[in-house]
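What follows is a single structure, written as structure tokens, with notes after it.
The values are calculated or read from the model by the stated rules, or taken from the named source; none is laboratory data. These figures come from a predicted structure and were not determined experimentally. Reconstructed Cβ throughout: ideal geometry from the backbone, glycine too, with neighbour counts over all protein chains shown. These accessible areas exclude ligands, DNA and RNA; they are computed on the full protein's heavy atoms, side chains included. Shrake-Rupley method; radii C 1.70, N 1.55, O 1.52, S 1.80 Å.
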Amino acid sequence: LSLALSGTVLSRCPTCARNFANIYCNNICSPNQSLFTNVTRVVNRTTALGWHQVAVVEYQCFYRKDFAD
């Protein structure tokens, strides 16, 4: 859903939309997240089923110049 909304906003520039999608997917799905992601804020939450979880609400990403380019 988040990616679809971003795509709508970025639809005027297909290259921007693709670049944004690439960074988003890399942040969320990369098996190497620990190499470039620093979690800076978490919150405790309870699911609708009563399970206690920790949710990441803020993080920093550090990319190599060649990836950013």
Residue by residue through the stretch 32-38, which ³J(HN,Hα) values in whole Hz follow from phi under the Karplus form 6.51 cos²θ - 1.76 cosθ + 1.60 (θ = phi - 60°), with glycine and proline marked x? 9, 3, 5, 7, 9, 10, 10
Please work out how much accessible surface residue 45 shows to a 1.4 Å probe, ignoring ligands, DNA and RNA, in Å² rounded to 10. 110 Å²
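State in Å² the accessible area per residue of the chain; use a 1.4 Å probe, count heavy atoms of protein chains only, and round to the nearest integer.
Dividing the accessible area of the chain by its residue count gives 85 Å².
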Taking 22 Å as R0, compute the FRET efficiency from the Cβ-Cβ separation of residue 10 and residue 42 and round it to 0.05. 0.15
Counting only residues 5 or more places away or on other chains, whose amide H sits under 5 Å from the amide H of residue 42 once H atoms are built in the peptide plane? 57
Quick one, which of (1) 30, 15, 6; (2) 23, 15, 11; (3) 27, 18, 9 is the actual semi-axes √(5λ) of the Cα gyration tensor in Å calculated for this model? (3)
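Ranked from highest to lowest mean number of other Cβ atoms within 10 Å per residue, what is the order of the peptides 28-37, 13-22, 47-56?
On the way: 28-37: 10.7, 13-22: 12.6, 47-56: 8.0.
Highest mean packing first, the order is 13-22, 28-37, 47-56.
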